[in-house]
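These notes are about the structure you will find just below.
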Amino acid sequence: MKCIYCQGTIERNFAPFHISRKGCHLTLNEVPAWVCGQCGEAYFEEKEVELIQDMIRIIQEHSDRMKTDTPTQHVQFA
């Protein structure tokens, strides 16, 4: 396989992935991917993309829940 950007050779390896969405940050250091040996561009297979999307969805759901939870008691320090 060849990289669509630089025509370098693509090999199976690991690549980092980072996304920021609505105040949430997800960083994965080693995601299985096809990586260009020349420019480093990463291509993720459908299985990895679906897992990443699941993680993002779960994080977003928990984040939304934290925003809607109201504290049961307000504590003020003097």
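The values are calculated or read from the model by the stated rules, or taken from the named source; none is laboratory data. As the structure is a prediction and not an experimental result, all values here were calculated from the model. FYI the Cβ positions are ideal-geometry reconstructions off the backbone, even for glycines, and counts take in every protein chain you see.
In table form, for the structure just shown:
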read-out	value
Filtered residues of segment 12-55 (kept if touching a strand residue (DSSP E or B) at 6+ places or on another chain (Cβ under 6 Å), β-branched (V, I, T) and in contact (Cβ under 8 Å) with a residue 24 or more places away in the chain)	I19, V35
Some residue of segment 41-57 being of a type in the set (A, V, I, L, M, F, W, C), in contact with a Ser or Thr (Cβ under 8 Å, 6 or more places away or on another chain) and under 16 Å from P16 (Cα atoms)	no
Yes/no for K47 being modelled with pLDDT of 90 or more, assigned to a helix (DSSP H, G or I) and not aliphatic (A, V, I, L, M)	yes
